[in-house]
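Visitor: Before we start, here is the structure in question, set down as structure tokens.
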Amino acid sequence: MLSVRFWGTRGSIASPGKATVEFGGNTSCLELRADDRLVIVDFGTGIRALGGSLMANDLKKGPINADIFVTHTHWDHIIGFPMFAPLFVPTSDLHIYGPVMPGGFTVRRALELMTEYPFWPVHLSEFAAKLTFKDILETSLDLGAGLTVTSKTLNHPGITLGYRFDYRGKTIAVVTDNEPFWNPFDDRSHPMYSAEADYEGRKSVETENKKLTDFFKNADILVYDSAYTEEEYQNGKLNWGHTSYESAIKNAKIADVKNLITYHHEPSRTDESLHGLEARYLKDDSGLNIITAKEGLVLTA
């Protein structure tokens, strides 16, 4: 059985409070289970509660072993790392995968810097758990027992990876912090407009966007960046590295996805506003099932 549980659903910054109780205020963190195999995506603030759950439940059955996939090293995706309780247990065995940034900057280096003593009292080198870091870009990995993961670079400042997990005929894909490719050469009013550049730009956009929908083709569950509405995106959010509801739904349909989970909620979204977006977007007659991510939600592929 392949399942996912949501421990953090926000983007950019944690947003706790009375207005975000239902959908949650923690930043990105997902727990995947391939039967007894534990996989985690991102060290957002949601990782603290996940760590508590693992200590209370999994540790009773034996050492905590996990494969952890970091999408990128922006604060909202790694800031919870030093509060992950299994780090303090000597028997924990954690394999941490993540992208290599320009200049060779790695996830390990990011975590070293954030736990330097001016910022945090426990340095990366002092945690008791066994930590193994593996630098990746676009690749496919066999994690054993029928579980594979494929990574895909996304359109977001820096290097960001989406992940596709396949297990015994079921698929969960995670595409967070991604912006549709767009053509910067199509402004016909610009004095330097070139029809040739416009054409090449359109072809490049089509190619790159198709690579993405091919990446999560036929996914049973697609966890997808849905930070904005299309109106918000077009009016001030272009080039911010995120996706609109309209674009997420369009791409999920193109890829014949079964369940689209809107994710990485903009931090100012209240429970009330997210319910408003549900009423606006989540009724679909194409056969696509659309669900708003909330903390504690568990879905099985």
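The values are calculated or read from the model by the stated rules, or taken from the named source; none is laboratory data. Remember, predicted model here, so these are calculated numbers, not experimental data. Ideal geometry is used to build each Cβ from the backbone, glycine not excepted, and the neighbour counts take in all protein chains shown.
Visitor: For region 150-173, state whether one or more residues are modelled with pLDDT under 95, more than 24 Å from the chain's Cα centre (by Cα) and within 24 Å of LEU238 (Cα to Cα).
Guide: No, there is no match, as no residue in region 150-173 is modelled with pLDDT under 95, more than 24 Å from the chain's Cα centre (by Cα) and within 24 Å of LEU238 (Cα to Cα).
Visitor: Go through region 29-63 residue by residue and tally those that are of a type in the set (Gly, Ala, Ser) and over 23 Å from HIS74 (Cα atoms). Full working, then the answer.
Guide: Just the residues of region 29-63 that are of a type in the set (Gly, Ala, Ser), to begin with: 34, 44, 46, 49, 51-53, 56, 62.
Those still in the list that are over 23 Å from HIS74 (Cα atoms) too: 34, 52-53, 56, 62.
The qualifying residues number 5.
Visitor: For region 236-271: of the residues being in a helix (DSSP H, G or I) and among the charged types (D, E, K, R), which is surrounded by the most Cβ atoms within 10 Å (Cβ to Cβ)? Step through it out loud before you land on a result.
Guide: First, the residues of region 236-271 that are in a helix (DSSP H, G or I): 236-237, 245-254, 271.
Those left that are additionally among the charged types (D, E, K, R): 237, 246, 250, 253, 271.
Working: LYS237: 19, GLU246: 15, LYS250: 16, LYS253: 15, ASP271: 15.
It comes out as LYS237.
Visitor: Then there is this: Just checking, how many residues over region 140-155 are crowded, with 18+ Cβ neighbours inside 10 Å and among the aliphatic types (A, V, I, L, M)?
Guide: So the count comes out to 3.
Visitor: If you don't mind, there's one more thing I want to ask. Anything in region 105-123 that is touching a strand residue (DSSP E or B) at 6+ places or on another chain (Cβ under 9 Å) and either of a type outside the set (Lys, Arg) or in a loop (DSSP other than H, G, I, E, B) (or both)? List them, or say none.
Guide: Filtering region 105-123 down to residues touching a strand residue (DSSP E or B) at 6+ places or on another chain (Cβ under 9 Å) leaves 106-108, 110-111.
Listed by number, the residues that qualify are THR106, VAL107, ALA110, LEU111.
Visitor: Residue check, SER53 against (1) surrounded by fewer than 23 Cβ atoms within 10 Å (Cβ to Cβ); (2) among the hydroxyl-bearing types (Ser, Thr, Tyr); (3) within 19 Å of the chain's Cα centre (by Cα), all met but one. Which one?
Guide: (3)
Conditions (1) among the β-branched types (Val, Ile, Thr); (2) surrounded by fewer than 15 Cβ atoms within 10 Å (Cβ to Cβ); (3) at pLDDT 95 or above; (4) farther than 22 Å from PRO157 by Cβ, marked per residue:
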| residue | (1), (2), (3), (4) |
| --- | --- |
| LEU38 | no, no, yes, yes |
| GLY62 | no, yes, yes, yes |
| VAL89 | yes, no, yes, yes |
| VAL107 | yes, no, yes, no |
| GLU112 | no, yes, yes, no |
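Visitor: Strands (runs of 3 or more DSSP E) wholly in region 1-81 with at least 2 residues that are under 28 Å from GLY104 (Cα atoms) and touching a residue at least 40 places away in the same chain (Cβ under 8 Å) - which ones? Step through it out loud before you land on a result.
Guide: Working: elements: 2-8, 29-34, 37-41, 65-69.
Qualifying strands (runs of 3 or more DSSP E): 29-34, 37-41, 65-69.
Visitor: Just to be sure I understand the filter: pairs with C-beta atoms under 8 Å, separated by 6 or more residues or on different chains, first member in region 115-138 and within 15 Å of ILE78 (Cα to Cα), second member exposed (fewer than 10 other Cβ atoms within 10 Å of the Cβ). Which pairs pass?
Guide: HIS123/TYR117
Visitor: Being farther than 23 Å from ALA227 by Cβ, surrounded by fewer than 23 Cβ atoms within 10 Å (Cβ to Cβ) and either aromatic (Phe, Trp, Tyr) or modelled with pLDDT under 95 (or both): is that true of PHE84 here?
Guide: Judged against the criteria, PHE84 is not a match.
Visitor: Turning to a different aspect of this structure: Could you look through region 278-301, keep only residues that are of a type in the set (A, V, I, L, M) and surrounded by 19 or more Cβ atoms within 10 Å (Cβ to Cβ), and pick out the one that is farthest from PHE43 (Cα to Cα)?
Guide: Only one residue tops the list, namely ILE290.
Visitor: Something else now. For the list (1) out of contact with any Ser or Thr (no Cβ under 7 Å at 6 or more places or on another chain); (2) on the phi < 0 side of the Ramachandran plot, I need the number of the one condition that GLY80 fails.
Guide: Result: GLY80 passes all but (1).
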